[in-house]
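The structure appears right after this line, and notes come after that.
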Amino acid sequence: MIPVLPDEFLHISKGSSFLIIAQANIRFALCIETSSEEFCQTIEPHDLIAVSAPEGGEPEAAAMLIELVRRHHTPLIVLPGNHPGSRRLRYVVSAGPVIMTSCSIHRGTHPEQHLICASEALSGVTMQGVQGGVLIDNLPSGAGLRRFRVHTSVEFIQN
Amino acid sequence: MDIDIPSERVKGKEFRCKDCGEGFRGVGKNPICPSCQSDNVAEA
């Protein structure tokens with residue numbers, strides 16, 4: 001098990017692509033919105049919120065997406081299959097107890113939360129949230145693992 | 001280490017919250033209300 005504290009994120013990378021995962025920390029109902037239906041999935045404190053950036057990007061942006069989901073309970077929007085906007089998505093999100101990466105799905109178009117689109121280099125990784133951390137299976141050789149924290153605050157400017 | 005992957009497609013069942021009356025389609029175990037976060041829900 002890789003220990004991950006409640007305020008920490010786990011960064012898994014290979015080449016330019018990366019995954020960032022964190023535990024949900026609290027129990028809440030996550031809504032998944034498709035073009036025709038809404039599904040509500042209970043997220044437990046040890047479940048994972050994962051963001052994948054198949055072509056790379058900014059870890060801070062991925063961490064913000066995780067915070068939007070776990071702290072603010074932002075619904076996940078699922079595009080219809082073959083939607084042209086799928087190719088614009090630089091970051092994709094999945095949430096649940098077990099999440100597996102796949103390079104053979106169209107990003108942003110599947111409501112199943114046990115799968116997340118990833119690069120070929122990071123395909124086949126399985127991540128499971130457990131008490132105090134994350135179990136990772138099938139981590140590719142040469143993949144990097146790091147933990148990080150993000151400090152955000154709002155400071156209103158006096159006029 | 002083996003990790004089991006759930007293979008079912010998203011289906012869900014209709015639920016109604018006994019506390020706030022919200023209706024919703026829940027997936028997975030232990031559904032809770034997306035409106036008030038109560039677990040006092042019943043299949044509709």
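Laboratory data are not the source of any read-out in this text; all were calculated from the coordinates shown. Worth saying up front: this structure is predicted, and the values here are computed from it rather than measured. Here the Cβ positions follow ideal geometry from the backbone for every residue, glycine too, while neighbour counts run over all protein chains shown.
For chain A, what class follows from the C-alpha gyration tensor (a ≥ b ≥ c being the square roots of its eigenvalues): rounded when a/c is under 1.5, otherwise prolate if a/b is larger than b/c, else oblate? Could the numbers behind the result be given before it?
On the way: a/c = 1.25, a/b = 1.04, b/c = 1.21.
Rounded.
Looking at the stretch A:90-159, which trypsin sites (Lys or Arg not before Pro) are in a loop (DSSP not H, G, I, E or B) and have at most 13 other Cβ atoms within 10 Å?
Working: sites: A:ARG90, A:ARG107, A:ARG146, A:ARG147, A:ARG149; in loops: A:ARG90, A:ARG107, A:ARG149.
Loop-located and lightly packed - A:ARG149.
From the helices alone, meaning DSSP H stretches of at least four residues, give me the mean residue ellipticity at 222 nm for the protein assembly as shown, per-run term -39500 (n - 2.57), in deg cm²/dmol to the nearest 500. Display every interim value, and only then the final one.
Numbers: 1 runs with 12 residues, N = 203.
So the calculated ellipticity at 222 nm is -2000 deg cm²/dmol.
So, counting K/R as plus one and D/E as minus one, what does the shell of residues with Cβ under 12 Å around B:ARG25 add up to?
Value of the local net charge: -3.
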Please identify the GluC sites (Glu not before Pro) of the stretch A:46-109 that satisfy two criteria: DSSP loop assignment and at most 14 other Cβ atoms within 10 Å. Which are they?
-> A:GLU55
Pull up all non-local amide H partners of A:PHE18: gap of 5 or more, or a different chain, and H-to-H distance under 5 Å with H placed in the peptide plane.
-> A:ALA53, A:GLY56
Net dipole in debye of the stretch A:74-159 [+1 Lys, Arg Cβ; -1 Asp, Glu Cβ; about Cα centre; nearest 20] = 220 debye
